Amino acid sequence: VIKMNFIKRISIIVSTIIVATSLAGCAQKQEVAATKVENPKVINISYVKSPLNVPSIIEKKKQLFESEFSKDDIKIKYPEITEGSKMTEAVAAGSLQFCNAIGATSVILAAANGVNIKIIGIYSRAPKAFTIMVKDSTIKTIKDLNGKKVVGPKGTILHQLLLGALVKENLKADDVQFSNMTIPNGVSALLSGKVDAALVAGPSVASAQKNGARILTTGDGILDATIVIAADGKFLEKYPDIAKKYLAVHQKSLQYMNDNKDETYKITASETKLTLPQVKSMYSLYDFNPKITQKDISELTKTQDFLKENGMLTKTIDIKSLIVNLK
């Protein structure tokens, strides 16, 4: 009897342990389930096709992002926000997750003003695609712009090009009469003789040349004209794996461009309304390698210095803190 009671007690103790362990396992599973982050329903990726944003065009036309993210039931939207400041505003509002091609100036300005935005890659470097154009035959060098009227978009790579070109020739910003103007309006003002020089990039360069304007200088040797890939910092913290997939898709678009050049030229020409010869000519000016190098970081630092020196930035930030390396 004693032996039977002992066996019963042992049996009860073992059963209790099994039940307790089972319940603890269930609680642990519930806790893991509770902490699992659900995927977003939609990802918004800015779409800017000009001046010649070939990777973006391929990604959209070949539905590369859709192919990848549909596996996780995530929809892709492409808001066409062409101004950098508008993109950073959308990031701040939480309505834009990825800036697929945005000027470094816009990212630095936004970050310095408290927007949680991060650089996750380089979109392009194209110093020769950014120009200062003139029509007057007497203007032969940058020095000849002394006292002249120059127009272009303020606070951009083009504006940085102008100031860099002036400094190279020992001139100051005040040595020219600069006015803020969009590229199309600037070209019109130049061609009509209302101004002496215009800051021009993209398809507008070929258009201006057709109508008698010429390139006085490009950004070659002055700046790298760095365009970056940026993302919402909060989104990156919450969904690092999605950001990694995003960059993997971007890499696929670069591979497609490399493997299918003729098709890439045709798709780009159709989307930008440029001729095939224009696309081929412009394409050769671009370096689309997304890897962030030490030289890129130096260029970003130079861009911040440019913004501060010209009164567009009051406080500086640590450029390296802007960069998130996703591996």
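The values are calculated or read from the model by the stated rules, or taken from the named source; none is laboratory data. For clarity, every value in this text was computed on a predicted model and none was experimentally measured. Cβ placement follows ideal geometry from the backbone for every residue including glycine, while neighbour counts extend to all protein chains displayed. Areas reflect the complete protein model, heavy atoms only, side chains present, ligands, DNA and RNA absent. Shrake-Rupley method; radii C 1.70, N 1.55, O 1.52, S 1.80 Å.
See the values below:
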quantity	calculated
Debye equation applied to the C-alpha atoms of the range 42-185, log10 I(q)/I(0) at 0.09, 0.16, 0.18, 0.21 Å⁻¹	-0.38, -0.94, -1.09, -1.31
Computed [θ] at 222 nm, deg cm²/dmol, the chain (DSSP H ≥ 4; -39,500 (n - 2.57); rounded to nearest 500)	-15000 deg cm²/dmol
Accessible area in square angstrom per residue, the range 31-97, 1.4 angstrom probe	53
Average projected area [Cα convex hull, the range 95-155], square nanometres	6.5
The range 112-176, relative contact order in percent, only Cα pairs under 8 angstrom and at least six apart counted	33
Per-selection Rg to Rh, the range 215-299 - Cα, Kirkwood hydrodynamic radius	1.03
Charge dipole (the range 214-327, unit charges on Cβ, about Cα centre) - positive-most of Leu247, Leu276, Gln304	Leu247
Rounded percent of accessible protein surface that carbon and sulfur make up, the chain, 1.4 Å probe	52
Relative contact order of the chain, defined on C-alpha pairs under 8 angstrom at six or more residues apart (%)	25
Where the Cα pairs of the range 37-100 fall when distances are cut into 5 Å bins, in %	4, 17, 27, 23, 18, 9, 2, 0
Spacing of the two label points (7 Å from each Cα toward its C-beta) at Lys320 and Asn116, in nm	2.3
Rounded accessible area per residue of the range 153-259, 1.4 Å, Å²	45
Ratio Rg/Rh, restricted to the range 118-223 and using Cα atoms, in which Rh is the Kirkwood radius	0.96
Cut-off under 5 Å, modelled amide H: who pairs with Ile229 long-range	Ile120, Gly121, Ile122, Tyr123
Peptides ranked, highest mean first, by Cβ atoms within 10 Å: ranges 295-305, 103-113	103-113, 295-305
Label-point gap, in nm, between Asp305 and Val167 - each point 7 angstrom along Cα→Cβ	0.5
Average silhouette area of the range 177-327, convex hull of alpha-carbon atoms, in square nanometres	11.7
At least 15 Å along the helix axis (C-alpha) and Kyte average at least 1.0, DSSP helices within the chain	157-168
Charged-residue dipole, Cβ positions (Lys, Arg, Asp, Glu), the range 175-267 about Cα centre, Debye nearest 20	260
Mean Cβ count within 10 Å, highest first, over the residues of peptides 317-327, 49-59	49-59, 317-327
P(r) tail fraction, the chain - alpha-carbon pairs more than 33 Å apart, %	37
Percent of Cα-Cα distances greater than 15 Å, calculated over the range 144-189	39
